[in-house]
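See structure below.
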Amino acid sequence: MTDPWRPPCGRVVCVGETMAALAPDSSGPLADADHLSLSVAGAESNVAMYLADHGIPATWLSALGDDPLGTRVRAVVAAAGVDVTHVSIDPDRPTGLMLKNPTPAGTQVHYYRTGSAASALGPDLLEHEAMRAAALVHFTGITPALSASCCELVTHALAVPAAERPYAISFDVNHRPPLWPEDTAPKVLRDLARRADIVFVGLDEAQDLWGAHLTAAAVRELLPAPRIVVVKDGSREATVFTASGTATVSARRAAVVEPVGAGDAFAAGFLAGLLQGEPMRRSLRLGHITAVSALSVTGDHGPLPPRPSIDQLLALTDERWERGRGPGDGAGRTIRS
């Protein structure tokens, strides 16, 4: 591939809700649990934390309730090296909450985020001073599902033509069916994705949203305008489409502790590669490497390998990289990256 467009190097502002998350200490169902563990969960803050791990200056822009859960969320995100100084504290609305319920068929998630502080975010946030310092702004498809004002926020940001925006915009489709009224997500998410500079979408979610027949190339045909489209095919591979060509890189084999957060980690790794001037293939590799860090922990944010190890993986020949490819973890599970 010839060198395609890439966003300017600089600060990344990640906009969206982060919740407190409660899960049983054991692997049993929530109803039988005597003790719960408290963590934090938010797609956009996950991306910000992994960007910070890669040395990219990152800001998380959101709102929290004036409550102990909001204090915990803010502290955890800040401890990862993310700028949280612009997160507003809402005295009238609570911090969002999610509960994880492990079952034999997989972990179910129960949301308690209606009326949360972050659900009151709106298009006025686009005038925030943090946005004026951004080289890249990252949104996900979760935010427009939270409320009418949140949908207006993302819609207004993407309504400005790409050539006239003061920053590039990346958009991870991140479809969460329980958050959407029936039959509304496909059109809204496609319309938003088509206006972004960089789009991330899983092949499985694209098939759920826009047609079971879709291939990675067909997804690109549906989204012709973005400068970069990355289609993630689960534990198998990820393909990047640009005006300069296409590149596909296999995922790394990994033992899966929990798949939640791996897609956010992949997006952060890929964006870090772009912002650091890496070629597309190495950016895809960095996405896969970062995703493995999320797969290895029960929470959303795991430790990256030491930088020398990352550099060694990035320098592998294609043949040697392929020897460490997925799918799965030897237990019949798939890896979402």
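Values as computed for the structure displayed
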quantity	calculated
Options LEU222, LEU189; residue that is over 25 Å from ARG320 (Cβ atoms) and either open to solvent by 10 Å² or more (accessible area, probe 1.4 Å) or touching a strand residue (DSSP E or B) at 6+ places or on another chain (Cβ under 7 Å) (or both)	LEU222
Condition met for PRO178 (part of a helix (DSSP H, G or I), modelled with pLDDT under 95 and either open to solvent by less than 10 Å² (accessible area, probe 1.4 Å) or out of contact with any Lys or Arg (no Cβ under 6 Å at 6 or more places or on another chain) (or both))	yes
Within segment 30-130, strands (runs of 3 or more DSSP E) holding 1 or more residues that are touching a Phe, Trp or Tyr at 6+ places or on another chain (Cβ under 8 Å) and open to solvent by less than 20 Å² (accessible area, probe 1.4 Å)	97-103
Members of segment 181-195 that are part of a loop (DSSP other than H, G, I, E, B) and touching a helix residue (DSSP H, G or I) at 6+ places or on another chain (Cβ under 6 Å)	ARG195
Sole exception among (1) part of a helix (DSSP H, G or I); (2) under 16 Å from HIS138 (Cα atoms); (3) charged (D, E, K, R) for GLU17, by number	(1)
Pairs, first open to solvent by less than 50 Å² (accessible area, probe 1.4 Å) in segment 6-17, second of a type in the set (Asp, Glu), C-beta under 8 Å, six or more apart	PRO7/ASP197; CYS14/GLU44; VAL15/GLU44; GLY16/GLU44; GLU17/GLU44
Residue check, SER27 in contact with an Asp or Glu (Cβ under 7 Å, 6 or more places away or on another chain) and either surrounded by fewer than 18 Cβ atoms within 10 Å (Cβ to Cβ) or assigned to a loop (DSSP other than H, G, I, E, B) (or both)	no
Every pair of residues 6+ apart whose Cβ atoms lie under 7 Å, when the first sits in segment 190-216 and is more than 18 Å from THR239 (Cα to Cα) while the second is among the small types (Gly, Ala, Ser) and assigned to a helix (DSSP H, G or I)	LEU209/ALA185
Residues satisfying the stated conditions in segment 160-175, i.e. outside any loop (DSSP other than H, G, I, E, B) and surrounded by 12 or more Cβ atoms within 10 Å (Cβ to Cβ)	ALA162, ALA168, ILE169, SER170, PHE171, ASP172
Filtered residue count, segment 217-249, keeping only those that are in a loop (DSSP other than H, G, I, E, B) and either touching a residue at least 60 places away in the same chain (Cβ under 8 Å) or among the aliphatic types (A, V, I, L, M) (or both)	8
Residue match in segment 122-140 (condition: without any contact (Cβ under 8 Å) to a residue 40 or more places away in the chain and hydrophobic (A, V, I, L, M, F, W, C))	yes
Residue match in segment 2-13 (condition: assigned to a strand (DSSP E or B) and touching a Lys or Arg at 6+ places or on another chain (Cβ under 9 Å))	no
Candidate set from segment 282-337 (those that are touching a strand residue (DSSP E or B) at 6+ places or on another chain (Cβ under 6 Å) and at pLDDT 90 or above); member that is nearest to ASP264 (Cα to Cα)	HIS288
Sole exception among (1) open to solvent by less than 70 Å² (accessible area, probe 1.4 Å); (2) over 25 Å from LEU64 (Cβ atoms); (3) of a type outside the set (Val, Ile, Thr) for ASP208, by number	(1)
Count - residues of segment 275-298 that are closer than 16 Å to VAL231 by Cβ and of a type in the set (A, V, I, L, M)	3
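The values are calculated or read from the model by the stated rules, or taken from the named source; none is laboratory data. What you are looking at is a predicted structure, and each value in this text was computed from that prediction instead of being measured. With ideal geometry, Cβ positions are generated from the backbone for all residues, glycine too; neighbour counts draw on all protein chains shown. What goes into the accessible areas is simple: the full protein's heavy atoms, side chains included, and nothing from ligands, DNA or RNA. Shrake-Rupley method; radii C 1.70, N 1.55, O 1.52, S 1.80 Å.
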